[in-house]
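The values are calculated or read from the model by the stated rules, or taken from the named source; none is laboratory data. As the structure is a computational prediction, the values presented were derived from the model and not from experiment. Heads up, the Cβs are rebuilt from the backbone with ideal geometry, glycines too, and the neighbour counts pull from every protein chain shown.
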Amino acid sequence: MKKIYTTLLSFISLFGFSQTQIANAGFENWEGSGNSAEPVSWNSNKTGTGLASSGPQTCFQETTNPHSGTSCVRVETIYYILAVVNGNVTSGVVNAPNTDKLKGYLSASGADKISFTGRPDSLVGWYKYTQATSGTGAAAEQAKVRAILHSGDYFDPETPYQSNHADLSANKIGDALFVSAASNQTTWKRFTVPFNYTSTATPAYIMINITSSNNQNTVAPGSGGTGSKLWIDDLEAIYNTPPTSVKENNISNFNVYAFERTMYVDFSTKTEDNSTLTILDLTGKVVLTKFIEKNKVNAIALPSTLTNGLYLYQINGTNTQKTGKFIVD
């Protein structure tokens, strides 16, 4: 599991005033090559255990018509030798002890866990979906996105099957589940699902599991629909309560936007001093720091060395704090 870049999490934790978000939630950053390419901070079966890594590539970087930015993730269910292999990508690890699908599971254990300390109200994202084109149950295929907030280690599904893993369901603090309609969705569609909490505790980790075949664990090896494709982009944890450390009017009373490789910060109604703009890439590296002048619209030219893609900004002043993201193209 590659946890080198916990981009958005690190960024938010560094400045300490925004709620926790999901690392690489826009699937802009990828690592590896060929059929082993995976989004940073995410895993497919190619980095799984047991028979998982010997299976086909089911996770792909999609650069044609992402919802935003330069790429999204596409997972695809594929028939391989004697079995139908679910299209999948997870913040945990894919485990396939043998060809019995009922023994397969996803794990967030040891170092392979994503830190997450927020209690969001809901999970939001964008998806497209194409159902299976052949095989048993093709017409019943559905996409699934599940986010689990937990302490300690965790497994999905929670209930062990023939002792394939321990029962750690007591570590669950809450979860959010999206299951698509059993039909095609040819254009980007927003989904939103609530987090349902079973504990008042503060989460330590989040596990997010994405598959193009919600029903595949229940079918026998060699059966099941093949060809289901799911595109996912721009996942986000939504908090309806504003941060307690920031006054709401200090978040929304000025505009920040980028146009033609220039960053604009509208401080025309701000009278305070000592505000700073910091721009970071998605690895958390600071690429620009500039002082923001009061009583004017600040136009900051972005460095010519910045490659096209998604960046993060943070504005910090005496009574002003704001974060966001923008695209350089």
Meets criteria (over 19 Å from Ser91 (Cα atoms) and in the same structural domain as Val94 (by TED's automatic domain parsing)) for Ser213: no
Is it true that some residue in segment 51-64 is closer than 17 Å to Asp281 by Cβ, at pLDDT 95 or above and under 17 Å from the mean Cα position of the chain (by Cα)? no
So, restricting to strands (runs of 3 or more DSSP E) that lie completely within segment 264-314, which ones have at least 1 residues that are touching a Leu at 6+ places or on another chain (Cβ under 9 Å) and exposed (fewer than 12 other Cβ atoms within 10 Å of the Cβ)? 286-292
In segment 67-83, which residues are of a type outside the set (S, T, N, Q) and either over 20 Å from the mean Cα position of the chain (by Cα) or at pLDDT 95 or above (or both)? Cys72, Val73, Arg74, Val75, Glu76, Ile78, Tyr79, Tyr80, Ile81, Leu82, Ala83
Set Glu141, Glu158, Glu62, Glu76: member being over 23 Å from Phe27 (Cβ atoms) and among the acidic types (Asp, Glu): Glu158
In the set Val124, Val84, Val75, the lone residue that is assigned by TED's automatic domain parsing to the domain that holds Pro39, under 15 Å from Ile210 (Cβ atoms) and buried (at least 22 other Cβ atoms within 10 Å of the Cβ) is Val75
Selection from segment 179-200 of residues that are among the hydroxyl-bearing types (Ser, Thr, Tyr) and within 16 Å of His67 (Cα to Cα): Thr186, Thr187, Thr192
